[in-house]
Each structure stands twice: as structure tokens, then as C-alpha cells.
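Scroll down for the structure; my scribbles are underneath it.
The values are calculated or read from the model by the stated rules, or taken from the named source; none is laboratory data. This is a predicted model, so every value here is computed, not measured. Note: ideal-geometry Cβ built from the backbone for every residue, glycine included; neighbour counts use all protein chains shown. Note: accessible area is taken over every heavy atom of the protein model, side chains too, but ligands, DNA and RNA are not part of it. Shrake-Rupley method; radii C 1.70, N 1.55, O 1.52, S 1.80 Å.
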Amino acid sequence: MTRLPGASPDDVRRVLDAVPTGLLVGGRWQPAESGATFDVRDPATGDVVAQVADAGPADGLRALDAAVEAGPAWAATAPRERADVLRRAFDLVIEHADDLALLMTVEMGKPLAESRGEVTYGAEFLRWFSEEAVRVAGRYGTNPEGTGRTLTLQRPVGPCLLVTPWNFPLAMATRKIAPALAAGCTVVVKPADLTPLTTLALAALLEQAGVPAGVVSVVTTSRAGDVCEPLIRDPRLRKLSFTGSTPVGSTLLAQASERVLRTSMELGGNAPFLVFDDADLDAAVDGAMQAKFRNVGQACTAANRFLVHDAVADEFVRRVVGRVREARVGSGLDEGTTIGPLIDERAVDKARDLVRDAVERGATVEVEGGEVDGPGTYWAPTVLSDVQPGSEILRTEVFGPVLAVSTFRDEAEAVRLANDTEYGLVSYAYTRDLARAQRLAETLETGMLGLDVGVVSNAGAPFGGVKASGLGREGGAEGIHEYLETVYLMTPDPFADASAPAARS
Ligand code: NAD
């Protein structure tokens, strides 16, 4: 990973001063109707770094009005024109990558080098979908009976509500905004209240790229439910795309079910990380470090359960412990930091509870880690081995830098343990046996499988889960279809009239 130099307080101030803090509704930046604001804090210090407009339900509905009004013109825009706008947005995000990375680190804590990585990843959705915008196709075919022709066309679904989480504030926004705009939809974005600044900065760049007024509105609020529910129940809204926790996703699905609103759900995970006895252990340890500690463990794709073959478990743990001891905990703004703060106190409490429960049930503490004194919400990385069945950490998304190792005896047991969860977002497996890798691809209950890699996210690939991890896919050739409706046309056989001039030869 490249290391960026640390950032100075002057850099931070300059970047914060440049962020718009109002609501973006119908192309105008404006305060909330009530005039209310809420605080945004730096998790590295607990300090308030900004105050942004705190929308109420009326503000949300005005944003939907704007999306509805802008819809027909945007849908009628030539695909190439939409592609060009998205491509300009990609260029602008890359041009402002350092500032966006700094802003992201200030509001959510991840080390600067990782924030820079997220900017590159997030920007790729703008580029990828600028390329997909001009490749939306239909079909023409003969019906099986030969009596007619069937045609399909793709139309934008219409105004969308996009709700995003705090852990990847740029990429989760572009992964929804880019395909929606490419498809010809208009959107209302509701970013997480813990990290609204990156999305606001992105929205300003989208405006600069030429996104017309009303096509993208951004509504920041500390009252997500109050603002989103009226939109979800409004018949003018045609699509809800949500990324966040499974409990909130299931609440929103219940609301959406009333009027059969189309939804995409990118929800929680509980990723197994399988290491077989024939694995390249160096590669497995490298992958484990990425899959566990990227974003300080706060990723839906974070490896949650390390399942390691008996024969290699001790060696795997020994090597992981060596690597974890090299971690540098500190502010994400400081050069050399590899583990930044957790997002808030609740995240620290969760790590503490899960570690305590696992140890009480018999796990061995290999690296104690734990809470770090001082301002900010830090947890130094913990490594546990011999984690016992029934431990809460095997059922719950840790969302923190706690690496929990259990063992298995054979492939059948590995697959059984891996699938023993309500989730199915991503799995990781390290093995040199190709047939086994193929069997895993066919038997693991997962939307994604990292084979001998610790990171699967890629703009060109369909990201998404099975079971309680969600519905739909983002990115890849699939991503734009979340924002398109298929319309089918039937016509008579054009040769049915025997006197037709171009009779079949
Ligand atoms: P969260 O569910 O608490 O919040 C997600 C978003 O929903 C935020 O914008 C929040 O303000 C909003 N929200 C909360 N309650 C709401 C309500 N009643 N109505 C409407 N909106 C509401 O999740 P989080 O803590 O921000 O993010 C972490 C979770 O997101 C983890 O479970 C993680 O696995 C998941 N996640 C999933 C993916 C994926 O692609 N599958 C990606 C990133 C994060």
C-alpha cells in the first residue's frame, strides 16, 4: 500500500472550509427548512469538524419533487451525453482525490492511504458506468410458435432514493449514483449522518461535471427514518437502493413492500475466510491482513470468521500474530498509521463485548489489543485462536479489528461451518487445489468468492450477497440493470401476409 504523507491542520481546515454544508435540492444549496443543523465529528479526536443541514420530512419531499421534475428531460438525454457527464465526474474526482481522501479520513477515520484507495475505487464506478451508459440494449426475436416477433427495450425506472452507509462514504455513493444516472434516472441521496461531508463534496463535483439541476439531490439528516419513510411511501418514487445493516434493510423492505417498490439491498456480512492445508500460507496471511484490517475491519466484506485447517492453524496464527504486532494505531491523518479509530463508542463497546464473550467461552488470546485511552475511539488489533462454537463473534459482524480463528478437519466441515450463518455476502478461500476451489464456488452460500485474494471489490464485477446479505448486484454489467425496467413488445409475423413483397426465400 502506498503511504501518503500525513496531513497538516491547515490542509484539514482548507478542505473542510470548501465543503458545502447545506442540502442540495433542485440544483440549489440551501439550509433545512427548519434551519436545524447537526454535528459531524472526527472519530480520531471526538472534535466537531462541521455542522451540516439537518433535513426534515418536508425537505426530503422537496428533493423528491426535484427528482420527479428533472426526470423526463434526463431520461431523454442522449446516452452519450450522460456518459460524458459521468466521465467528467470521474476526471474531477481523480483531480480532487487528495482532498476527498483527507475529508474522508477526517469524518470516518480510516488511514489516509486507504481513503486514497477508496477514492480511486469510488471514481471507477463513474468511469465504468459512463462506459455502460451507451451499451444498454434490447432484443429482437421470433416467438417459439413462429407467429410473431418479440422485442425488448430498457427504460429508466424513474426517481430513486439512494441510502448509503458511513464506512465507504464515497464508493457507496458512486456505486449507486453512477449506474442510476447512466440509466437515465434521477436520484435523492441520503448519506449516513456520521459521514455526510464526502457525499456533499462529491455532489459539488457532480454539479461541476454538468449534472443538471434536480438530477442529483442530497439530503443530510440526523432523522433518517423520518425523512426516508415518506419518500418510500410516495408513489412517485420508483426505486430504493440501500446499503447498510440488515436490520435497517429489513425495516425498509417492509415499508417498500406496501406499494411493491423496487429495491436493491446491500446488507451486512459474516464472511468466512478458509485456509486449507495445501494453501500458500504467505499469500493467506497477506490476504487475511487485507480482508480483516482494511477500513479498520469496518467493511461488509471484512473476514469475520477465520476457519483454518487443523494442520496449519498454529503456523497461520503465528504468522498473523507477527504481522498484527507491526500494526500502528493512530490518527488516520498521521503518516504510517495502519489502524485508525473506530467510528464511535458503540463500535468500541461491540468489540469489547465480542472479545469478552469469545474468551469466556474458551478462546485463547494471542494478541490482546483492546481499547486505547485518550480522546478518540480506538481499538488496537486483537487476535483470538481456538474460538469455540457458540461464540457470539461467529454469528455477529465484528466491524472492528478483531481476528478470530477456529479450526476444521476436512473440506466438508469447512463448508458446513462457512455456511452456518444467516449471511452470504462474500467468502474467501486459500487452496492450491483447483477442483476444490471449484467445489467451493458451487457449495458456499455466498454472492462473492475471493479465491487466493483478500479483496474482491471491483467496479467491473457484480457486488452483492445472498441470504440476509441482500438483493441485487452493484457494479459490473449487472449494476445498471438495477435502474432499468424491461419492456417487451409483441408484433405479428411480418411475413404472415402471403402477398408481402419480401416473402421468405
Ligand atoms: P445502518 O443500517 O445503520 O445505516 C445505513 C444508512 O441507513 C445510513 O444512511 C442511515 O442513516 C440510514 N438509516 C438508518 N435507519 C434508517 C431508517 N429507519 N430509515 C431509513 N434510513 C435509515 O448501517 P451503517 O452502520 O451505516 O453501515 C454499516 C452496515 O452496512 C454494516 O452492516 C455493513 O455490513 C453494511 N454495509 C454493507 C455493504 C454491502 O455492500 N453489502 C457495504 C457497506 C456496508
Test result for Gly146, at positive phi, in contact with a helix residue (DSSP H, G or I) (Cβ under 6 Å, 6 or more places away or on another chain) and not polar (S, T, N, Q):
no
*Might you let me know whether segment 260-270 holds any residue that is within 9 Å of the ligand (Cβ to nearest atom) and not in a loop (DSSP other than H, G, I, E, B)?*
yes
Given the conditions (1) away from the ligand (no atom under 13 Å from the Cβ); (2) outside the structural domain of Ala75 (by TED's automatic domain parsing); (3) open to solvent by less than 50 Å² (accessible area, probe 1.4 Å), every one holds for Gly447 apart from (1)
Of the residues in segment 350-375, those that are closer than 23 Å to Gly322 by Cβ, in a loop (DSSP other than H, G, I, E, B) and charged (D, E, K, R) number 1
Heads up, the strands (runs of 3 or more DSSP E) in segment 376-476 (entirely inside) with at least 2 residues that are farther than 30 Å from Pro179 by Cβ and over 20 Å from the mean Cα position of the chain (by Cα) are 378-380, 382-385, 402-408
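At least 3 residues that are small (Gly, Ala, Ser) in each: list the helices (runs of 4 or more DSSP H) lying fully within segment 50-145 that qualify.
By residue number, 57-76, 112-132.
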Going through (1) more than 8 Å from the ligand (Cβ to nearest atom); (2) crowded, with 21+ Cβ neighbours inside 10 Å; (3) not charged (D, E, K, R) one by one, Leu281 fails only at (2)
Considering residues that are over 25 Å from Arg262 (Cα atoms), in contact (Cβ under 8 Å) with a residue 60 or more places away in the chain and open to solvent by less than 20 Å² (accessible area, probe 1.4 Å), the number found within segment 119-162 is 3
Within segment 247-261, the residues that are exposed (fewer than 12 other Cβ atoms within 10 Å of the Cβ) and either over 13 Å from Pro230 (Cβ atoms) or modelled with pLDDT under 95 (or both) are Pro247, Ala254, Ser257, Val260
Checked Ala192, Ala204 against criteria (among the small types (Gly, Ala, Ser) and surrounded by fewer than 20 Cβ atoms within 10 Å (Cβ to Cβ)); the one match is Ala204
Kindly indicate whether any position in segment 260-277 is basic (Lys, Arg) and either over 21 Å from the mean Cα position of the chain (by Cα) or closer than 30 Å to Arg416 by Cβ (or both). no
Of Val402, Val372, Val383, Val398, the only residue that is farther than 13 Å from Lys350 by Cα and either open to solvent by less than 10 Å² (accessible area, probe 1.4 Å) or in contact (Cβ under 8 Å) with a residue 60 or more places away in the chain (or both) is Val383
